[in-house]
2 protein chains.
Amino acid sequence: MNQSRYDKKLEHILRTSARIFAEKSYHSTSMRDISRESGVSLAGLYHYCTSKEELLFLIQDNCFRCVVERLEQRLNGEDDPLRRLQIFIENHLSFFASNMSEMKVLSHEAESLAGDLHANVSTRKDKYTKLARKILKDLQQQNRQTQIDLTVSTYALFGMMNWIYNWYDPRGKLTVAELAQTLTQLFLNGLLDSGASKTVAPSIAAMTEGVSVWRGQHSEVVSQS
Amino acid sequence: MNQSRYDKKLEHILRTSARIFAEKSYHSTSMRDISRESGVSLAGLYHYCTSKEELLFLIQDNCFRCVVERLEQRLNGEDDPLRRLQIFIENHLSFFASNMSEMKVLSHEAESLAGDLHANVSTRKDKYTKLARKILKDLQQQNRQTQIDLTVSTYALFGMMNWIYNWYDPRGKLTVAELAQTLTQLFLNGLLDSGASKTVAPSIAAMTEGVSVWRGQHSEVVSQS
């Protein structure tokens, strides 16, 4: 919470941009749209970024940095592959559910960045994907079950999790903890498993903590530039 | 193959539009872009549609109509829920893999339609989703295993399947039949199941048939309007 006034304002600009990009796509959003929606003048915006592309980069970079940092903290000291997978899924989904616009932008606008900015985000994303793949590999080896292809299962897991922006309402009846629990069980045991021996115990991790990619409050009012 | 010249040209326009929408988003594509890429004059385009929005509607409507028609044909006379699920997954993935641009447009531009056009596509999509949900419900009941939430599992299945446009290369080593087989097994039995009793037999359905949403050939040259 030691954010400077500068950081807070940048966060407000990025959060607003993510919402507009998610609503009407990066390509059809202008800096003027962002200025109007954020209440920051055009001149003010260019004090925080050099271009709309840099805003898109900062949103994506910030998201992957936050989700990976938070994950590494939670995985620290945990060796059991099953528990590590459970933490991975919970971390991804709770982060996702708190940052639906940002995650939609990650999904839809991955190819809207070019050159170094694209390479930079891709590197973070690859690192994250490899971490998931490694957990699945350890889990398969521990259980001596390697018949399911690792690449397919890694992307199937991301598909199950990332698709939630099409249907899941974080304010609805189904909590993020329940969603994580169900998807973990489905992924590990399948739809038809009685699952008695492998049923995943509910996680003790606090799922109610705020996990917005932005540190400030959503309702925070930022003064005009 | 009883396509009129009119139908063939419309198909060419829709296929080209889907490719451009998938590449740079619906919102940032102009009718002029479509004219340039399709080799059909602007006046010619407006002979086939009244607006860019109608093109987007026709792509989405055509996709859902084709995938559902093809599915209903293949499900016809098949009562076993396990076999029905297998057919559903194979049908979805083989259709998807043959129409990656169209399916990306379905995923990304669902909210770009408004009013009646949106309602029309939503109705088709709901029907398709309900069909999947019904198959999963029958399968759970047949196996007396109803502990996995039906809504979560339905969307998890769509997520696993639809996410492939982010990673799967239909021209790569992994065939669509293998992909369908692996995802079906993963969805039914999970990553950690030895699966001996529930292993899904490879489908006998022909997976090599052409399943482009468009009836014409991809290489077909359409003359200038």
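Tabulated data
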| read-out | value |
| --- | --- |
| Some residue of the range B:35-55 being among the aliphatic types (A, V, I, L, M) and under 10 Å from the mean Cα position of the chain (by Cα) | no |
| Within the range A:149-185, tally of residues that are within 15 Å of the chain's Cα centre (by Cα) and polar (S, T, N, Q) | 2 |
| Answer residue from the range A:102-153, given it is farther than 24 Å from B:Glu23 by Cα and assigned to a loop (DSSP other than H, G, I, E, B) and is modelled with the highest pLDDT among those | A:Asp149 |
| Pick from the range B:142-153, criterion within 7 Å of chain A (Cβ to nearest Cβ) and of a type in the set (A, V, I, L, M, F, W, C), ranking: farthest from B:Lys104 (Cα to Cα) | B:Ile148 |
| Residues of the range B:48-86 satisfying the condition of being hydrophobic (A, V, I, L, M, F, W, C), surrounded by 17 or more Cβ atoms within 10 Å (Cβ to Cβ) and farther than 24 Å from B:Ala119 by Cβ | B:Leu82, B:Leu85 |
| Residue that is farthest from the other protein chains (Cβ to nearest Cβ) [pool: residues in the range A:154-186 that are free of Cβ contacts under 8 Å to residues at least 24 places away in the same chain and not in a loop (DSSP other than H, G, I, E, B)] | A:Gln181 |
| Total residues in the range B:34-47, condition crowded, with 19+ Cβ neighbours inside 10 Å and not in a loop (DSSP other than H, G, I, E, B) | 4 |
| Residue in the range A:16-33 that is over 19 Å from A:Ala180 (Cβ atoms), at pLDDT 95 or above and under 15 Å from the mean Cα position of the chain (by Cα) present | yes |
| Single residue of the range B:110-141 satisfying the filter (facing another protein chain (nearest Cβ under 9 Å) and more than 25 Å from A:Val152 (Cα to Cα)) that is surrounded by the fewest Cβ atoms within 10 Å (Cβ to Cβ) | B:Glu111 |
| Where A:Lys104 falls short, out of the listed (1) more than 14 Å from every other protein chain (Cβ to nearest Cβ); (2) crowded, with 20+ Cβ neighbours inside 10 Å; (3) of a type in the set (D, E, K, R) | (1) |
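The values are calculated or read from the model by the stated rules, or taken from the named source; none is laboratory data. In this text the structure is predicted, and so the values were computed from the model without any measurement. Because the Cβ atoms are built from the backbone with ideal geometry, glycine has one as well, and the counts that use them run over all protein chains shown.
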